[in-house]
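Following: one structure in structure tokens, then a few remarks.
The values are calculated or read from the model by the stated rules, or taken from the named source; none is laboratory data. None of these values were measured; they are calculated from a predicted model. All Cβ positions, even for glycine, are placed from backbone atoms using ideal geometry, and neighbour counts span all protein chains on display. These accessible areas exclude ligands, DNA and RNA; they are computed on the full protein's heavy atoms, side chains included. Shrake-Rupley method; radii C 1.70, N 1.55, O 1.52, S 1.80 Å.
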Amino acid sequence: MTKGRYDFRNQEKFTKQIKERTLAEKPLMEYYVNWLNAMRPEGSSEYYFVDNGIDNSGKFVSSPTNDADFILKRRGKSNRNIEIKSCKKEND
């Protein structure tokens, strides 16, 4: 594990924060898909998503990938990679 991945945190704190943020991402994705479906033209196919990334459970993974967290899908349309990034406090 490189120092850059942990930045100022030890592995215990890093693992705890990754789990907290990962578990917050799925409800955000659900909210986004619900919003998209509410805005889509009547009669058009619905949006839905599937988990993608290495592990959306928040479990510590020693060999991460750069895969998107979710794949946004809609019948007849190209899939879209969705990566959710959020922070609890506002930062510049």
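Between residue 19 and residue 35, the modelled label-to-label distance comes to 2.9 nm, taking each label 7 Å out from Cα in the direction of the beta carbon. Of all segments of the chain bounded by GluC sites (Glu not before Pro) found in a DSSP loop with no more than 15 other C-beta atoms within 10 Å, the longest spans 1-41. Here the chain is treated with +1 on each Lys and Arg Cβ and -1 on each Asp and Glu Cβ, and its dipole about the Cα centre works out to around 140 debye. Note on the stretch 13-85: with neighbouring protein chains present and a 1.4 Å probe, carbon and sulfur make up 50 percent of its accessible heavy-atom surface.
The C-alpha radius of gyration of the chain, expressed as a fraction of 2.2 N^0.38 Å, stands at 1.29. Taking label positions 7 Å along the Cα-Cβ direction at both residue 28 and residue 63, the computed distance is 2.8 nm, reported to one decimal. In the chain, the longest principal axis of the Cα atoms and the axis of helix 11-39 are about 10 degrees apart. Counting only protein heavy atoms and a 1.4 Å probe, the chain has 78 square angstrom of accessible area per residue. For the pair residue 48 and residue 75, how long in nm is the line joining their label points, each one 7 Å along Cα→Cβ? Label at residue 48, label at residue 75, 1.0 nm between them.
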